[in-house]
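Contents: one structure, followed by commentary.
The values are calculated or read from the model by the stated rules, or taken from the named source; none is laboratory data. Remember, it's a predicted structure, so these values are computed and weren't measured experimentally. Cβ coordinates were reconstructed from backbone atoms using ideal geometry, including for glycine residues, and neighbour counts include every protein chain displayed.
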Amino acid sequence: MRLLAVFAHPDDESFFCGGTLAWCASMGHSVYLVCATRGEQGEIRHPDIDPGRYPKGEARGRLRQAELEAACQVLGLKPPIFLGYQDSGYPLEVAQANPRGLIHQSLEEVEEAVLEQIVRLRPHVVIGFDPKGYYGHPDHIHLHRATLGAFWRAGNRMDEPPRRLFFPVRPRERVARTRFDPDRYGVSSDSIAVRVDVRPHAQTIRAALLAHRSQIGPEEGFERILEDWPGLLEEECFALGGLRGAFPKEPLDLLAGL
Ligand SMILES: [Zn+2]
């Protein structure tokens, strides 16, 4: 089986569904990751990394590319595929003021770039952003639209287009324990199609996140990350974003019945 995750920045994959990707890879499936940007606008949160050495833009993107390559190795994924767009930055006002950013690129062009990867990699299942972009990052929302469009249009381009599209989501009660608005970024439990127990992969998720050294900071600070991301090492949840063919008779799962 082949699975493709489509995300916007290095570290999205480990935060939003690292355990699920690691689990699929450990089962022998081919797991691909498309990353739209190199995270050129990410803040550096590690005291041993001098931000002056890696200014925002090219240099920071190269640093984060190397971190993502390391994280993919930890998770058991194929080497990441970059679409070559630029990180818009966060929050929205920053992104709007950055004309080179992903959100200013035509949706049709980004959709076509994602579709090309779907046609080339022939995934059975695609994982991508939900309409709220997990926590509202403008690049995530732009890529949601592109991925959803590419998933559907794949039916016109391929004999065997992907069968299922899933969005990583967070239950609202979990979002309520963070600084984010649960009404905006959480989903009700009946909106969740699949829950994956990722506790067997907790150490892998942790190691993959720590590979994003500039973003996560030193290992000693990892407990603070867990406070901001409750449930990170326990359970990953997915809403159904798209389905091709008949609804499966057995309870819906990521890969079962394909
Ligand atoms: Zn992101």
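Starting from residues that are away from the ligand (no atom under 11 Å from the Cβ) and buried (at least 24 other Cβ atoms within 10 Å of the Cβ), keep the ones in the range 35-54 and report whichever is nearest to LEU254 (Cα to Cα). Among them, the one singled out is ARG38. Selection within the range 184-202: residues that are at pLDDT 95 or above and over 16 Å from PHE16 (Cα atoms). The member of this set that is surrounded by the fewest Cβ atoms within 10 Å (Cβ to Cβ) is ASP190. Within the range 1-33, track down each residue that is surrounded by 24 or more Cβ atoms within 10 Å (Cβ to Cβ), hydrophobic (A, V, I, L, M, F, W, C) and within 18 Å of HIS137 (Cβ to Cβ). Residues satisfying the conditions are ALA5, VAL6, PHE7, ALA8, PHE16, CYS17, LEU33. With respect to the conditions (1) part of a helix (DSSP H, G or I); (2) β-branched (Val, Ile, Thr); (3) over 19 Å from the mean Cα position of the chain (by Cα), ILE49 falls short on a single one, namely (1). For the range 203-258, the set of residues classified as over 17 Å from the mean Cα position of the chain (by Cα), within 29 Å of PRO162 (Cβ to Cβ) and outside any loop (DSSP other than H, G, I, E, B) consists of LEU243 only. Has the range 145-163 got at least one residue that is in contact (Cβ under 8 Å) with a residue 24 or more places away in the chain and under 29 Å from HIS46 (Cβ atoms)? No. Any chance you could count how many residues in the range 203-220 are loosely packed, with under 14 Cβ neighbours inside 10 Å and free of Cβ contacts under 8 Å to residues at least 40 places away in the same chain? The total comes to 3. Against the definition (crowded, with 20+ Cβ neighbours inside 10 Å, within 16 Å of the ligand (Cβ to nearest atom) and either modelled with pLDDT under 95 or under 30 Å from GLN96 (Cα atoms) (or both)), how does PHE180 come out, yes or no? It is false that PHE180 is crowded, with 20+ Cβ neighbours inside 10 Å, within 16 Å of the ligand (Cβ to nearest atom) and either modelled with pLDDT under 95 or under 30 Å from GLN96 (Cα atoms) (or both).
Residues are listed down the side, and each one gets a yes or a no for (1) of a type outside the set (Asp, Glu); (2) modelled with pLDDT of 95 or more; (3) under 23 Å from SER26 (Cα atoms); (4) part of a loop (DSSP other than H, G, I, E, B):
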{"site": "ALA70", "(1), (2), (3), (4)": "yes, yes, yes, no"}
{"site": "GLY84", "(1), (2), (3), (4)": "yes, yes, no, no"}
{"site": "ALA113", "(1), (2), (3), (4)": "yes, yes, no, no"}
{"site": "GLU116", "(1), (2), (3), (4)": "no, yes, no, no"}
{"site": "VAL119", "(1), (2), (3), (4)": "yes, yes, no, no"}
{"site": "ARG145", "(1), (2), (3), (4)": "yes, yes, no, no"}
{"site": "ALA150", "(1), (2), (3), (4)": "yes, yes, no, no"}
{"site": "ASP159", "(1), (2), (3), (4)": "no, yes, no, yes"}
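Counting residues in the range 102-117 that are closer than 30 Å to ALA202 by Cβ and not β-branched (Val, Ile, Thr) gives one or more.
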